[in-house]
């Protein structure tokens, strides 16, 4: 049972217990050190033997590990072991150190041994103890000519910024210039350059094979041309044929589920078929007039395709036929062909990216004289492969006679290849030390299959199984859990050898592993599994209550600092910290989270923006509302109203800004913390220590950035803003620092806990699913010697994806092992029916049978999911009890503790982003609030407050003589906003105020010399008769009480398409006797079909002699002279700008209002019509014949439009 490496490869060498005294010091050896078995202690002993038995100087013994911290620890411990050995040989007791006892008792030349140790200690500053990258850097430096290493290369700590630039350039060159159909098709995968970054990062970390292989571009120009031709064919046919198509489809014998029932249920109202077809036709209307892009075609294209209609035609009925249906069929088939080719093109582009990124990244780094850590390994590898490779290997072997590689389970193929080439020769020692059961850093590029390959190549294998960390009970519990099934780590080559504890058995042994059973039925009576958020909250409350009880008056009293809670994600860590804080339990969070993701970063940005611009009240209020400055909304409002308070706040911030400019960031930052009592305020919060630690960390990072890059005020603000953006390049030094943790519960991610130990451990969330959801995913191909491979097919259920999911499950099993083995005395584990637990590590270990383990492509995920669905709470409890019964009392099963309802509050961490449920329904994108502007312009819009207008012209000064007036006033949106804002403030019954005009001109940045022409226009407008005939309305005669300016309206909107709206509109004819220029046809409406509400603003509604008028101001510049604004010339402008649509929509809105508000309302008697006033063309002597377009739609036209637009219109 389990997965196998290729059968033709030799079996793993036979393992034997590690013997610190007799283990050979030559060849390729592998030591598998289980958790807590003294791996570092074994390295110290081997190093000591190399010094004493092989007589190697310290500079010839290479010790390699993965991190600087581990390197420093190894250096210190090896040095101490050498000191102890020297002392033992001088007569000090060896204690229980078996190796030192053997050396003291049996070394044939004690004085020579002492001299070797004295020399080793004297020369220890030359000891070759490095990180892997540090070793490679030394090889390149010491062998610069052999490796062709340029002198003076600068180490690049983080290449993310250059990588991002490379990906962005690839996106611009390959994606942005692609056909529009492909861009729309690939938007989910290639919508932005950032979407390609995960794939690009993988290409830089390892040598990756690609499947499926893309030999060349998949998209053919002829396919695009054919698709576009089919779109044009449909667009040409549809407008004239749609009614005939409607009649044919209404009479056809079609499946009612797909096309709606043809029978009406009552005498009134459309049938289901009519409603369904209307929806189809609305979409086709929008598609065929160009309101929607060519690709993808709207769904009705497939529904009305000839083959689809034939498939859904009822028995013994003839399929409907029409050239439109044939055109839809041709378009649908062209779309399918296009999508097949675009899918192949997408794979081709991603394949090119994987080839382009490493080469281009290296070129740019070489050009700039930069080298990254991974480049060091690659350069050594290339040098060993080159013509001088054999000579280089010989030189390095002479330099280092033995190599010890620590944490070898975290290696990758490249690292193993380098070390095996250098030290795999006869007469040399390559000793690899690690534990495949603890290989959990796959996300960093570590490759468990490289380890297994190295294990096969080893001449000898040894195991360390004596546990010096955990109690016998805990070791026994882990043995029981991982021994109950075959292949407990999924891959058969990763063995589990039961360990034994070296610690004494306690007098009264108690269960060392508590398994809490979360029973779903107690919280979900519908018998479904608990959701992940439900389970997290319940478990976090239970863990918090248990800790509080035990540290309060239980067995852990006074031992809070000895407790660790291990979590998988930073989100789980924040959840636990919030629950513990709510219960008053101190905790400290160890995680790989970045300080720029902490809420204090966003709050500090608000404060720094306020300091940078203290005159901006909005920014100052945002800063005051933060937790850093701590003002309440009521306090901010009160401060604004109290004399001197707001001024004092601004004065303080001006002081901080001046200090920042004069002395730099850090002096300002310190004074701000003191002046605003930030430390005291933060420490009053339950998580205050965490907040203050984050804030001080951020201040230090910004201070360093200011010094390194010579940043001023705006530069620091920009720097902090850029770090808050998603995907920003960040350094390891930006990871969250620890607050004081001496007496606090440690909250640690499992990845970060590796190598650490705690007396008491809780593992509350070890039930993560083993899923691979990404479209592009990585797996190791068993048909290619388990080479790392990326699958770009995007397919969901394939053998490759099954392999990837198996690898995810195997890593989850290793994560569980790491978590459990961090504990020294006691561990608590949680299990239950949770919707993500079906494919978790515990589901695999608690399974029954090995039915799925038939070959190396077994679909374990499907097997576990099927088993999980069959099992209820009772059977899971039975399995857990069976596990406990087999553990010889080391495992105890309990129901999840439930604290009293008033014991612990529900908690949600302040910094946790809310998580929404996944929405699987359908949102009607056509529903919304639209406006005249949106309908006329063809896009979504807010309320219509301004006309579609000409581009803004350069500002002009008014002419002195002649035509002059407002004809030359600048055109554009700003001019329209100016006139509307001005006229909204004017009382036409009183003389115009020159000051009001001047202020508005200044507000909109127009030359003050326009004040006189604008004032003259207002005077003309006030006195001008707006209509011909007797008793015409004049604005100067209508008191303000009979006017409403900027009247806002809404009315509900039926689903409407451009074609339906055009049909419902009445012609807005030229004024009687007009003989203006030939009328251009209006632009076709092209908006997408919509429904919901229509909103608008009418510039002025006024009542005169019992009639109500709507008035609209127009600032359009129609020409240079007054004649361009005569009534007969206004009609073309009304049609060109689609004011014919606006005039009827607004008339309908006012008509609806008057029907509700005016007693005895009659349209003909009360509705006076619409008056459109073109402000640049007013002349009192010409009256309403110039600059005024008046029109009153007929009642039947308004009713026709109302029935189309407004639901239940009567």
**Q.** Segment residue 263-residue 1063, length gained on full extension (0.36 nm per residue, minus Cα span)
**A.** 285.3 nm
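So for the chain, averaging the separation of alpha carbon pairs under 8 Å that are six or more residues apart and normalising by length, what relative contact order in percent results?
Values: 1960 pairs, mean separation 149.0, N = 1210.
Dividing the mean separation by the residue count of the chain yields 12 percent.
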Q. Listing 351, 587, 882, 887 from the residue with the fewest other Cβ atoms within 10 Å to the one with the most, what is the order?
A. 882, 351, 887, 587
Q: Any chance you could check the Cα centroid distance between the stretch 1145-1210 and the stretch 475-520 for me, in angstrom?
A: 84
Q) What ranking of 840, 1057 emerges when the number of other C-beta atoms within 10 Å of each C-beta is taken as an exposure proxy, fewest first? A) 840, 1057
Q | Gain in span if fully extended, residue 168 to residue 557, counting 0.36 nm per residue against the direct Cα distance | A | 134.4 nm
Q | Stokes-Einstein D for the stretch 1-156, Kirkwood Rh over Cα pairs, 37 °C, 0.692 mPa s (µm²/s) | A | 182
Q.
Given an 8 Å cut-off on Cα distances and at least 6 residues of separation, report the relative contact order of the stretch 359-458 as a percent.
A. 27
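When each pair of different Cα atoms in the stretch 348-453 is counted once in the 1/r mean, what is the Kirkwood radius in angstroms, to one decimal?
Working: mean 1/r = 0.0637 Å⁻¹.
About 15.7 Å, per the Kirkwood formula over Cα pairs.
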(Q) What is the angle, in °, between the Cα long axis of helix 1195-1205 and the longest principal axis of the Cα atoms in the chain? Nearest 10 is fine, range 0 to 90. (A) 10
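Taking each pair of distinct Cα atoms in the stretch 969-1078 once, what is the resulting Kirkwood hydrodynamic radius in Å? Write down the numbers at each step before the final one.
Working: mean 1/r = 0.0570 Å⁻¹.
Evaluated over the stretch 969-1078, this radius sits at 17.5 Å.
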Q. If the viscosity is 1.002 mPa s and the temperature 20 °C, what Stokes-Einstein diffusion coefficient in µm²/s follows for the chain when Rh is the Kirkwood radius over Cα pairs?
A. 57
Q. If we count other beta carbons within 10 Å of each Cβ, what is the order of 39, 1203, 365, fewest first?
A. 1203, 365, 39
Q. Distance from the Cα centre of the stretch 361-438 to that of the stretch 143-209, in angstrom?
A. 25
**Q.** Euclidean distance of C-alpha centroids, the stretch 980-1006 and the stretch 224-285, integer Å
**A.** 54
Q: Run the numbers on the stretch 221-339 and let me know its relative contact order in percent, using alpha-carbon pairs under 8 Å that are six or more apart.
A: 35
Q: Using just the alpha carbons, could you tell me how many Å³ per residue the convex hull of the stretch 595-734 encloses?
A: 107
(Q) Rounding to the nearest 10 and keeping the result within 0 to 90°, find how far the Cα-based axis of helix 68-89 lies from the longest principal axis of the chain. (A) 10
Q. What angle do you read, to the nearest 10 degrees and between 0 and 90, between the alpha-carbon axis of helix 532-553 and the longest principal axis of the chain?
A. 50
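Values in this text are rule-based calculations from the coordinates and carry no lab data. On a predicted model such as this, the values are computed, not experimentally measured, just so you know. All Cβ positions, glycine included, derive from the backbone under ideal geometry; neighbour counts span all protein chains shown.
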